[in-house]
Amino acid sequence: MPVVNSPFRSYQMEDALNDRAIPLEERIGNAICHLPGAIMGDISASPEYRKFALESTLAHTLTELGADEL
């Protein structure tokens, strides 16, 4: 499920996610602030749901990788 209209790589998002000096939830919030556009909404999902799905996926992935530890 796409979050924004086009594929992207954001070094700012990566930096926010890799900043282990702050808690995981805050890192995820900071990363989402660096999306290159508005979170899209369409018949498949609302912007709110897409944001929730992105937050959940990032939290699960980073926890599995051990990046949730300070």
Exercise. For the chain, what % of the accessible area comes from carbon and sulfur atoms, probe 1.4 Å?
Worked result: 55
Exercise. Using a basic spin-label model with each label point 7 Å from the Cα along Cα→Cβ, how many nm lie between Met40 and Asn18?
Worked result: 2.8
Exercise. Within region 7-70, which GluC sites (Glu not before Pro) sit in a loop by DSSP and count at most 12 neighbouring Cβ atoms inside 10 Å?
Worked result: Glu69
Exercise. Where does the chain land at 222 nm, in deg cm²/dmol rounded to the nearest 500, when only DSSP H runs of n ≥ 4 count, each adding -39500 (n - 2.57), divided by all residues?
Worked result: -15500 deg cm²/dmol
Exercise. Looking at region 18-60, which trypsin sites (Lys or Arg not before Pro) are in a loop (DSSP not H, G, I, E or B) and have at most 12 other Cβ atoms within 10 Å?
Worked result: Arg20
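The values are calculated or read from the model by the stated rules, or taken from the named source; none is laboratory data. Everything quoted here is computed from the prediction, not taken from an experiment. Quick reminder, even Gly has a Cβ in these numbers, built from the backbone with ideal geometry, and neighbours come from all protein chains shown. What goes into the accessible areas is simple: the full protein's heavy atoms, side chains included, and nothing from ligands, DNA or RNA. Shrake-Rupley method; radii C 1.70, N 1.55, O 1.52, S 1.80 Å.
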